[in-house]
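Asker: Encoded as structure tokens, here's the structure I'll be asking about.
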Amino acid sequence: MEKFAPGSEVRVIRSIRNDGSIHDLEKGELLIPAGTIGIVRSYGYFLQTQLIYQVFIPQLNRVIGVRDSEVIDATLAWVPCLFRSQDKAKLKYSLQMFDKRLANKGDVIEVYRVHRNLKDGSLAYEIKFGPHYVRLDASVLEPLSSTAL
């Protein structure tokens with residue numbers, strides 16, 4: 001079932017690149033950056049399983065097809081994704097689990113996976129400490145400074 005009716009404003013949560021279907025642009029070229037707002041024109045199904053929205057991007061005068069997992073309501077607060085899988089980041093806080101310290105403030109960690117909540121727009125990063133996978137709110141991580149590698 002569709003989440004957005006024609007006329008709804010949506011925000012694209014992932015950068016969309018040309019898959020070769022737009023002939024005047026190179027394959028792999030950026031079409032729509034993450035965070036861009038567009039208007040749903042219509043929707044339909046691809047292979048009877050994937051809901052696809054036809055979205056008009058006014059500032060680019062371009063129509064693109066996006067999966068329902070690639071858009072959120074445009075009225076939700078936008079939290080940009082700063083990290084991808086295997087990126088390094090720095091902890092803003094110490095982490096503790098069952099009275100055992102897992103990491104200290106300032107420690108460099110590796111992002112395992114990124115999770116975007118499609119209902120409220122929030123962003124979380126999954127990281128791994130030993131046998132534990134921990135999901136952290138995006139506000140807990142910060143980019144490494146240019147001097148720390």
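The values are calculated or read from the model by the stated rules, or taken from the named source; none is laboratory data. Fair warning: this is a prediction, and the values are worked out from it, not measured in the lab. Cβ atoms come from the backbone with ideal geometry, glycine included; neighbour counts cover every protein chain shown.
Let's see how each residue does on (1) out of contact with any helix residue (DSSP H, G or I) (no Cβ under 8 Å at 6 or more places or on another chain); (2) among the charged types (D, E, K, R); (3) closer than 23 Å to residue 115 by Cβ:
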{"residue": "15", "(1), (2), (3)": "yes, no, yes"}
{"residue": "19", "(1), (2), (3)": "yes, yes, no"}
{"residue": "34", "(1), (2), (3)": "yes, no, yes"}
{"residue": "45", "(1), (2), (3)": "yes, no, no"}
{"residue": "51", "(1), (2), (3)": "no, no, yes"}
{"residue": "61", "(1), (2), (3)": "yes, no, no"}
{"residue": "64", "(1), (2), (3)": "yes, no, no"}
{"residue": "75", "(1), (2), (3)": "yes, no, yes"}
{"residue": "88", "(1), (2), (3)": "yes, yes, yes"}
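Asker: Give segment 114-131 a look and list any residue that's assigned to a strand (DSSP E or B) and acidic (Asp, Glu), or say none.
Answerer: Residues of segment 114-131 assigned to a strand (DSSP E or B): 114-116, 123-129.
Of everything in segment 114-131, just one residue is assigned to a strand (DSSP E or B) and acidic (Asp, Glu), namely 126.
Asker: Here's another thing I want to ask about it. Please go through segment 39-81 and give me each residue that is hydrophobic (A, V, I, L, M, F, W, C), surrounded by fewer than 13 Cβ atoms within 10 Å (Cβ to Cβ) and modelled with pLDDT of 90 or more, ordered by number.
Answerer: Across segment 39-81, the qualifying residue is only 77.
Asker: Residues in segment 124-135: is at least one touching a Lys or Arg at 6+ places or on another chain (Cβ under 7 Å), over 10 Å from residue 91 (Cα atoms) and not aromatic (Phe, Trp, Tyr)?
Answerer: yes
Asker: Moving on. Select from segment 58-91 the residues that are more than 18 Å from residue 139 (Cβ to Cβ) and assigned to a loop (DSSP other than H, G, I, E, B) and write down the one among them that is nearest to the chain's Cα centre (by Cα).
Answerer: 85
Asker: Do you know which of the residues in segment 6-25 that are farther than 20 Å from residue 82 by Cα and modelled with pLDDT of 90 or more is surrounded by the fewest Cβ atoms within 10 Å (Cβ to Cβ)? Break it down stepwise before answering.
Answerer: Narrowing segment 6-25 to residues farther than 20 Å from residue 82 by Cα: 6-10, 18-25.
Applying the additional criterion that residues be modelled with pLDDT of 90 or more yields 6-10.
Working: 6: 12, 7: 8, 8: 18, 9: 14, 10: 23.
By that ranking, first place goes to 7.
Asker: Name the single residue, out of those in segment 1-42 being among the hydrophobic types (A, V, I, L, M, F, W, C) and over 21 Å from the mean Cα position of the chain (by Cα), that is nearest to residue 79 (Cα to Cα).
Answerer: Taking segment 1-42 first, the residues among the hydrophobic types (A, V, I, L, M, F, W, C) are 1, 4-5, 10, 12-13, 16, 22, 25, 30-32, 34, 37, 39-40.
Keeping just the survivors that are over 21 Å from the mean Cα position of the chain (by Cα) gives 1, 5, 22, 25.
On the way: 1: 26, 5: 24, 22: 29, 25: 29 Å.
It comes out as 5.
Asker: May I ask you to verify whether residue 33 is under 22 Å from residue 120 (Cβ atoms), surrounded by fewer than 17 Cβ atoms within 10 Å (Cβ to Cβ) and modelled with pLDDT of 90 or more?
Answerer: It is true that residue 33 is under 22 Å from residue 120 (Cβ atoms), surrounded by fewer than 17 Cβ atoms within 10 Å (Cβ to Cβ) and modelled with pLDDT of 90 or more.
Asker: Which residue, of 111, 55, 134, is among the β-branched types (Val, Ile, Thr) and either assigned to a loop (DSSP other than H, G, I, E, B) or under 30 Å from residue 2 (Cα atoms) (or both)? If you could, list the steps in order and put the result at the bottom.
Answerer: Working: 111 fails: either assigned to a loop (DSSP other than H, G, I, E, B) or under 30 Å from residue 2 (Cα atoms) (or both); 134 fails: either assigned to a loop (DSSP other than H, G, I, E, B) or under 30 Å from residue 2 (Cα atoms) (or both).
None of the other options fit; the residue is 55.
Asker: Has segment 92-102 got at least one residue that is more than 17 Å from the chain's Cα centre (by Cα), surrounded by 13 or more Cβ atoms within 10 Å (Cβ to Cβ) and either in the same structural domain as residue 18 (by TED's automatic domain parsing) or assigned to a strand (DSSP E or B) (or both)?
Answerer: yes
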